[in-house]
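We did not get these values from a lab; they are worked out from the coordinates using the rules stated. No experiment lies behind these values; they were computed from the predicted model shown. Cβ placement follows ideal geometry from the backbone for every residue including glycine, while neighbour counts extend to all protein chains displayed.
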Amino acid sequence: MRKARTIFVCQSCGSQSPKWLGRCAECGTWNSVVEEAAGSLTVDASLNGGAGAAPVRLTDVPVQSVEARCATGIGELDRVLGGGLVAGSVTLIGGDPGIGKSTLLLQLADRLARVGHTVLYVSGEESIHQIRLRADRLGVRNDAVWLLAETSVDRIIEAVKHHAPQTLIADSVQTLRSDALESSAGSVGQVRDVAGRLMVMAKHTGTATFLVGHVTKDGAIAGPRVLEHIVDTVLYFEGEKGHPYRILRTVKNRFGSTQEVGVFEMKGYGLAEVANPSELFLAERSHGSSGSVILASAEGTRPILVELQALVTYPALGTPRRTANGIEAGRLGLLLAVLEKRVGLGVSAQDVFVNVAGGLCLEEPAADLGIAVAVASSWTDRPIDPRTLVFGEIGLAGEIRAVPQADSRLREAAALGFTRCVLPKRNAERLTDPPLEIVGAEDVHEALEALGVR
Ligand code: TYD
Ligand code: MG
């Protein structure tokens, strides 16, 4: 085969050169030049439903998305996919090495095979014997699951054409390479070219495709980030080291809502779905100690109750330390400043540690009130009533702002035996028939008073 011509393109200004440069000659940006195949890929013909380049009337396009969805048999995965797997979709599953991506996808292959799919599992990292060993451990034993250890995307596409599987799993995109480019597997150019070719293949053949992508610690280099705009759906598989819980989070979804999460637990026989995460995250809560508060978070459409813990102590060294696990460090700094300035809590000179129990990561602002209350409780050394919970966003003036889904948060709390909730006043005013006692607070001061930690 004749080698396709490649060019080197600066990702920041778009200028082209025939060879690789460490620094773009046009705009002077370092490390921005990436190899690309000349005459770049297009998905147009297949995306146009076979109509070539001709425009089609909106109303003439047949509606097909609904019936093309298929339940995977893993409920937590269906939830993050937006209600099931769509034929021809390309889903990227990103995550740290060792978090359980291969495990999840092998279990998925099994479930899909049980509902009649032929699944091709391509690995560029492991031999088919290693995969077989893992499969035995997971109890996966199915004739409709095919394995292929291969790194050439051209040969993978040939295999897909030959076997015509309904689902293709490519593990991982960083180990695959396209012959069109000279750069090594895992480089930005390769990763993008491989994903682009598999995308064209998926749209053309209707094969639901999963791409595994390793995230490096800074999350940027040749990792899933460069693919996010190419693929249809981006899921991140997260979890804290040392915790068995794994969170599958939707970052982008062309077929459903984002912000959805699925919860799994890593066990000896693979990943198990966690249908009621609140019970799990509250199972080991500390009773009656200061610095602990239950927060109703709503990651996605499902409320999850979690325990937030804070410890405020005199600094061991001169400069006060702040450590945040499961919440953003910047957010903690901001809330400590609000507590200091608006409530007069002298925490700025103290060491402050905040932890979300169970290894969950809280991203929504409704966690603010929980963080502030946990810190105040530890500072005053007064415990929060164990059957009271909180949620609400805090503004810089110390005001408590309304958050979405107050209703479902309260219902989840009532179902788990909570009797009282301190929440934003604006939310409280709009609730007609709350399932437990509610206390609307206008600012942090009021909330802390209501909880007895002022
Ligand atoms: P793996 O799926 O190989 O991770 P990734 O593909 O994201 O790199 O999972 C690796 C970890 O999961 C490994 O540390 C062992 C653990 N594990 C279990 O605890 N139980 C199991 O049944 C399996 C298969 C793996
Ligand atoms: Mg793996």
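What fraction, in whole percent, of alpha-carbon pairs in the range 127-215 exceed 17 Å separation? Please list the in-between numbers first.
Details: 1966 of 3916 pairs.
Of the Cα pairs, 50 percent sit more than 17 Å apart.
Subtracting the Cα-Cα distance from 0.36 nm times the residue separation, let me have the gained length for Asn276 to Glu126 in nm, one decimal.
Working: separation 150, 0.36 × 150 = 54.00 nm, distance 3.39 nm.
Working it through step by step, the gained length comes to 50.6 nm.
Can you give the calculated 222 nm mean residue ellipticity of the chain, where each DSSP H run of n ≥ 4 adds -39,500 (n - 2.57) and the sum is split over every residue, rounded to the nearest 500 deg cm²/dmol? Helices in the chain give a 222 nm mean residue ellipticity of -7500 deg cm²/dmol. FRET efficiency for the Gln11 to Leu396 pair, using the beta carbon distance and R₀ = 30 Å, is estimated at 0.25.
In Å, the Kirkwood hydrodynamic radius of the chain over pairs of distinct alpha carbons?
Taking the inverse mean of 1/r over all distinct Cα pairs, the chain comes out at 24.5 Å.
If you model the range 72-274 as an ellipsoid using its alpha carbon gyration tensor, with each semi-axis the square root of five times an eigenvalue, the axes come out at 22, 20, 17 Å, biggest first.
For a Förster distance of 45 Å, can you work out the FRET efficiency between the beta-carbons of Arg23 and Val251, rounded to the nearest 0.05? Spell out each step's value before the answer.
Numbers: r = 31 Å, r/R0 = 0.70.
Once the sixth-power term is evaluated, E becomes 0.90.
Comparing Ala298, Leu168, Leu271 along the charge dipole axis of the chain, the residue lying farthest to the positive side is Leu168, per the Cβ-charge model. For the chain, averaging the sequence separation of C-alpha pairs within contact (under 8 Å, six or more residues apart) and dividing by the residue count gives a relative contact order of 12 percent. Using a simple spin-label model with pseudo-atoms 7 Å out from Cα toward Cβ, Leu58 and Thr151 lie 4.8 nm apart.
Tell me, rounded to the nearest percent, the portion of alpha carbon pairs in the range 323-425 spaced more than 23 Å apart. Walk me through the numbers on the way to the answer.
Values: 1277 of 5253 pairs.
Of all Cα-Cα pairs in the range 323-425, 24 percent lie more than 23 Å apart.
By DSSP, what percent of the beta bridges with both residues in the range 280-451 are antiparallel, rounded to the nearest 5? Here the antiparallel bridges make up roughly 55 percent for the range 280-451. Inter-part distance, the range 155-170 to the range 379-454, computed on C-alpha centroids, equals 52 Å.
Dimensions of the range 280-451 from C-alpha coordinates, computed as largest minus smallest value along each principal axis and given longest first, are 50, 33, 27 Å. Between Arg454 and Arg322, the modelled labels are 2.4 nm apart [label points 7 Å from Cα along Cα→Cβ].
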